[in-house]
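The values are calculated or read from the model by the stated rules, or taken from the named source; none is laboratory data. If you're wondering where the values come from, they're calculated on a predicted model, not measured in any experiment. All Cβ positions, glycine included, derive from the backbone under ideal geometry; neighbour counts span all protein chains shown. Accessible surface areas use protein heavy atoms only, side chains included; no ligands, DNA or RNA. Shrake-Rupley method; radii C 1.70, N 1.55, O 1.52, S 1.80 Å.
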Amino acid sequence: MAEKLVHWADRAPQRILFAQRNASGAWRSVAYGEALESARRVGAALLERGLSAERPLMVLSGNDIEHALLHLGALYVGVPYAPVSPAYSLLSADFAKLRTIVRLLTPGVVYANGDQYRRAIDAVRPGAVVHDFEELQATPGRGVEEAYARVGPDSIAKFLFTSGSTGVPKAVINTQRMWCSNQAMISTMFAFFSDEPPVIVDWAPWHHTAAGNHDFGLVLYNGGSYYIDEGKPMPGAVETTVRNLREIAPTWYFNVPKGYEALLPFLKKDHRLRENFFSRLKVLWFAGAAISQHVFDEIKQLAWQTCGETIPFLTGFGATETAPAMMGRLWDTDNAANMGLPPPGVEMKLVPFEDRLEARVKGPNVTPGYWRQPELTAAAFDEDGYYRLGDCFVFEDVEDPRKGLLFRGRIAEDFKLATGTWVNVGPLRARFIEHFAPLVRDVVIAGEGRGELGALIFPAGNASPHELQLRLSTFKSTGSSNRISRVMVLEDPPSLDAGEMTDKGSINQRAVLNRRKAMIEELYREPPGARVIWI
């Protein structure tokens with residue numbers, strides 16, 4: 001990937017690579033030529049400190065220009081880079097996940113942008129030297145170019161952390177082969193990038209593969225410009241995103257479903273925002289979770305009303321282990337659950353699982369495994385060498401596979417009722433949240449080994465029992481596998497330290513059920529207690 005930095009620094013040295021607002025609110029930027037120079041200086045400093053795969057660069061900070069330049073410097077000289085969720089340092093009470101990561105990685109350098117990380121670092125590495133950006137620059141010598149020349153397809157580009165259903169961080173090895181081949185696959189899906197380098201405005205964190213590999217990569221690979229958005233899809237923070245989108249018109253826009261949901265009211269009422277946002281947009285893209293059908297439909301309608309033409313609202317499916325893209329839907333559809341088809345270079349095996357198909361994949365974009373965790377690596381692949389995604393799909397049209405695959409949930413979340421009936425949790429959760437909007441922030445489906453389904457609700461406000469009772473009574477079902485008969489509102493938010501919530505804000509179904517067994521018993525007590533809403 002560093003070859004792309006060299007290429008664009010030669011072809012378009014003055015083009016903006018990264019931009020971010022400074023303290024006064026003005027945009028500061030780094031062009032390709034400057035970025036290459038900085039990457040070589042950072043690379044020299046990392047080599048001077050003896051960094052390698054055994055002693056990688058660990059970054060605790062969120063997205064900013066200095067973080068990006070450190071990433072590029074590590075790439076240039078072949079030093080693996082490991083971005084760690086800031087939540088593990090700033091929101092955790094016991095720093096357990098951060099301790100696990102430090103033990104697993106044995107980092108040679110820890111970088112953190114700000115004193116707010118000091119308490120976490122002192123807890124996991126007492127007396128550690130925390131480097132600021134200026135310290136991690138040196139005069140490039142001959143060793144920098146020699147290190148650059150040694151980087152090859154099997155060089156480790158980065159370690160990205162994922163916990164899956166276990167809640168324990170795993171370091172996914174991301175090689176140059178994985179990242180480069182995946183960007184080549186993406187370029188076959190979006191050929192216009194070669195004619196028009198992408199301009200993106202993106203808040204998603206680089207410690208996740210969606211932004212750190214997909215979005216960061218498509219900008220670097222295609223000579224685009226990345227405007228770092230410091231907003232988030234939540235009240236009080238989405239306004240920052242709105243301000244940025246009023247000024248910077250993206251050509252390709254990525255967000256998670258909650259992000260589009262948060263933007264929708266602003267797009268509806270703010271004509272200036274709509275005009276700028278859609279002015280040169282070629283593709284809307286969502287990923288990371290199922291999107292509510294009404295949000296999907298309304299965004300498409302707003303695009304049509306503003307532009308007088310359809311802007312494709314597309315999606316795909318991927319994993320940290322697949323760098324990440326391994327499916328993409330490149331055509332319009334009325335079904336937001338359609339994830340599309342694999343790109344060139346990816347083989348997919350579909351294994352029958354109850355009434356669905358479990359997906360397994362093989363290709364140059366698939367990880368060789370988990371760093372220093374051979375037992376997890378062995379379990380992740382089947383007997384034919386296909387990576388087990390743990391996700392299920394069905395064909396939209398069994399007579400015509402070209403119409404794509406519909407997402408049907410994760411195997412680890414699914415369970416059986418006492419009757420032996422399988423419950424597909426993913427689609428049921430998405431439908432429940434949409435039906436109960438805006439009263440419910442998230443929900444955990446219960447009922448394993450029971451006679452009927454129940455739900456534990458994380459509320460989105462002060463919903464009255466009457467309102468919830470009314471919504472529950474109108475929640476449509478076709479049988480016991482999707483009929484929810486009782487719910488209970490949880491007073492405590494999901495715990496990051498206990499693994500109930502991931503750092504990207506998604507709920508770990510299994511962890512919540514395991515930690516709140518007493519509440520499950522209360523939910524199913526007969527007769528129902530005062531806190532249980534039931535029909």
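In summary, helices (runs of 4 or more DSSP H) completely within region 1-116 and bearing 2 or more residues that are out of contact with any helix residue (DSSP H, G or I) (no Cβ under 7 Å at 6 or more places or on another chain) occur at 2-11, 32-48, 65-77, 96-105. Taking the numbered list (1) part of a strand (DSSP E or B); (2) open to solvent by 60 Å² or more (accessible area, probe 1.4 Å) in turn, Gly409 passes all entries but (2). Just checking, which of Ala138, Ala120, Ala128 is in a helix (DSSP H, G or I), among the small types (Gly, Ala, Ser) and in contact with a helix residue (DSSP H, G or I) (Cβ under 7 Å, 6 or more places away or on another chain)? Within the list Ala138, Ala120, Ala128, the selection yields Ala120.
The sole residue among Leu69, Leu5, Leu91, Leu36 that is more than 26 Å from the chain's Cα centre (by Cα), of a type in the set (A, V, I, L, M, F, W, C) and farther than 22 Å from Arg372 by Cα is Leu36.
Checking each residue in region 125-153 for being in contact (Cβ under 8 Å) with a residue 24 or more places away in the chain and open to solvent by 30 Å² or more (accessible area, probe 1.4 Å) picks out Glu135, Gln137, Thr139, Pro140, Gly141, Gly143, Tyr148, Arg150, Val151, Pro153. Filtered by the rule that a residue be closer than 29 Å to Leu341 by Cα and assigned to a loop (DSSP other than H, G, I, E, B), region 422-451 gives a lone residue, Asn424. Condition test on Arg360, is it open to solvent by less than 10 Å² (accessible area, probe 1.4 Å) and either under 21 Å from Ala430 (Cβ atoms) or not acidic (Asp, Glu) (or both)? No. Among the residues making up region 156-203, those that are at pLDDT below 95, among the aliphatic types (A, V, I, L, M) and out of contact with any strand residue (DSSP E or B) (no Cβ under 7 Å at 6 or more places or on another chain) are Val168, Ala191. Listed by first and then second residue, the pairs linking a residue in region 6-25 that is within 27 Å of Arg243 (Cβ to Cβ) to a residue that is loosely packed, with under 10 Cβ neighbours inside 10 Å and basic (Lys, Arg), with Cβ atoms under 7 Å apart and 6 or more places separating them unless they lie on different chains, form an empty list.
Screening Lys476, Lys504 for residues that are at pLDDT below 90 and open to solvent by 10 Å² or more (accessible area, probe 1.4 Å) leaves exactly one candidate, Lys504.
For Ser85, the conditions (1) at pLDDT 95 or above; (2) open to solvent by less than 10 Å² (accessible area, probe 1.4 Å); (3) not charged (D, E, K, R) all hold with the exception of (1).
Only one entry in Ala157, Ala96 is within 21 Å of Arg372 (Cβ to Cβ) and open to solvent by 20 Å² or more (accessible area, probe 1.4 Å), namely Ala96. Put simply, of Arg441, Arg429, Arg510, Arg471 the only residue that is open to solvent by 70 Å² or more (accessible area, probe 1.4 Å) and under 32 Å from the mean Cα position of the chain (by Cα) is Arg441.
Just one of the listed residues (Pro427, Pro465) is modelled with pLDDT under 90 and out of contact with any Asp or Glu (no Cβ under 9 Å at 6 or more places or on another chain), namely Pro427. Can you tell me which of (1) closer than 21 Å to Gly308 by Cβ; (2) out of contact with any Leu (no Cβ under 8 Å at 6 or more places or on another chain); (3) of a type in the set (A, V, I, L, M, F, W, C) is the one Leu284 doesn't meet? All conditions pass for Leu284, except number (2).
Suppose we keep only residues that are part of a helix (DSSP H, G or I) and touching a residue at least 40 places away in the same chain (Cβ under 8 Å) within region 291-333. Which one would you say is nearest to Glu396 (Cα to Cα)? Per the criteria, the residue is Gln293. Evaluated against (1) open to solvent by 20 Å² or more (accessible area, probe 1.4 Å); (2) farther than 30 Å from Gly409 by Cβ; (3) in contact (Cβ under 8 Å) with a residue 24 or more places away in the chain, Lys170 falls short on exactly one condition, (2). Counting only residues that are on the phi < 0 side of the Ramachandran plot and open to solvent by less than 20 Å² (accessible area, probe 1.4 Å), region 321-345 holds 13 of them. On inspection, Glu309 qualifies as farther than 26 Å from Trp206 by Cβ and open to solvent by 50 Å² or more (accessible area, probe 1.4 Å). Taking the condition open to solvent by 10 Å² or more (accessible area, probe 1.4 Å), in contact (Cβ under 8 Å) with a residue 40 or more places away in the chain and not small (Gly, Ala, Ser), does Val102 pass? When the stated conditions are applied, Val102 passes them.
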